[in-house]
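Only the coordinates and a few stated rules stand behind these numbers; no lab work does. Because the structure is predicted, anything quoted here is derived from the model rather than measured. Neighbour counts run over all protein chains shown; Cβ positions are idealised from the backbone, glycine included.
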């Protein structure tokens, strides 16, 4: 009888082990493997989403910088505005402007560079304050080129005939600004 019981026990154990193995195989094939592939695709999607979020953050930061710089740029080729602004800055510093004229317009793709050329007579101090005012303007203005010469070094300078002093300077200044092209 013991052999019969052992055979029954062995059959029951074998049956249980077989059921467990079949359950593991079915679980692996039909549950774990499909979710394993989904898990990989979800990880890839998470990484892509992180990259998108980083790009969105960079775009927002650039947008904020762009708003600041948009106010500093001119939107059209407004030479008269630039001439008036430079002339006004010179008069505030008591600089004598002997000539002021627009320079050439340089095309640079999305924007253009607009120039103003002026000849002045002033003291070094006045000229320094004027250049500082130009460079510190709320619009993008830049002193591109400057040539200075003391007045007493000019051949035709007469100390007695003029109210100017010998150490005043005659300057030739080129100022530029950036002008956005219309996007229409």
Query - Efficiency of FRET between residue 64 and residue 135 - r from beta-carbon atoms, R0 22 angstrom, step 0.05 - result: 0.40
**Report entry** Efficiency of FRET between residue 125 and residue 88 - r from beta-carbon atoms, R0 22 angstrom, step 0.05
**Finding:** 0.70
Report summary line: Percent of all alpha-carbon pairs of the stretch 1-70 at distances over 16 Å, whole number, is 73
Requested in this report: Could you calculate the contour length gain from residue 31 to residue 52, that is, 0.36 nm times the residue separation minus the distance between their Cα atoms, to one decimal place in nm?
Outcome: 4.4 nm
